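For reference, the structure is listed below as structure tokens.
The values are calculated or read from the model by the stated rules, or taken from the named source; none is laboratory data. Keep in mind the model is a prediction, meaning the values are calculated, not measured. Note that each Cβ is placed from the backbone with ideal geometry, even for glycine, and that neighbours are counted across all protein chains shown. Please note that ligands, DNA and RNA were not included when accessible areas were found on the heavy atoms of the full protein model with its side chains. Shrake-Rupley method; radii C 1.70, N 1.55, O 1.52, S 1.80 Å.
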Amino acid sequence: MSTDATSLTPQDLEFLRRPLYGFLSVAGGPLPPQPRPVWFEATAEGTVQLFTGPDTLKVRRLRRDPRASIVVAAPVGERERWLSVAGHTTVETDGAHDLAARLAARYWDLDDDPARADDLAAILAEDCVRLVIHPEAVSRYAF
């Protein structure tokens with residue numbers, strides 16, 4: 001395992017560009033933390049972003065305490081690898097729908113699955129915010 005205090009490496013970004021699930025934990029929640037699976041995107045600027053509804057429990061908790069972490073692991077059948085990003089999180093009112101559309105195209109086959117296209121339309125019809133994790137600690141393991 002290695003830790004870099006603040007940034008994602010090019011290898012980290014390559015790993016995070018895959019359609020993997022992240023497990024998000026926010027501060028101010030129950031103990032022990034109860035991570036939730038999420039879609040995410042690593043940006044060229046080295047942040048990690050995701051979308052959610054503006055009134056969700058995670059947003060309310062982040063408004064009280066902006067600390068969050070996301071853990072992403074390689075799937076079963078691949079060599080063991082995981083990455084953890086922790087830092088302060090901002091709640092952004094712009095860009096959430098564009099992010100949702102990009103992530104839906106990454107995780108779902110929108111061309112051949114009309115039900116998924118309908119699911120995306122439903123997401124885009126709702127209010128969304130973009131959560132941006134600004135890394136303060138990055139830990140990684142690769143076997």
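General observations
- Region 108-138, subset touching a Lys or Arg at 6+ places or on another chain (Cβ under 9 Å) and touching a residue at least 24 places away in the same chain (Cβ under 8 Å), residue most open to solvent (accessible area, probe 1.4 Å): E136
- Tally of residues being open to solvent by less than 20 Å² (accessible area, probe 1.4 Å) and not aliphatic (A, V, I, L, M) across region 84-107: 2
- Which listed residue, of R64, R81, is open to solvent by 60 Å² or more (accessible area, probe 1.4 Å) and either in contact with a His (Cβ under 8 Å, 6 or more places away or on another chain) or in contact (Cβ under 8 Å) with a residue 60 or more places away in the chain (or both): R81
- Residue count, region 18-35 (criterion: out of contact with any Ser or Thr (no Cβ under 6 Å at 6 or more places or on another chain), modelled with pLDDT of 95 or more and not β-branched (V, I, T)): 7
- Residue tally, condition in a strand (DSSP E or B) and either buried (at least 18 other Cβ atoms within 10 Å of the Cβ) or of a type in the set (A, V, I, L, M) (or both), over region 1-22: 1
- Flag for V26 being touching an Asp or Glu at 6+ places or on another chain (Cβ under 9 Å) and open to solvent by less than 50 Å² (accessible area, probe 1.4 Å): yes
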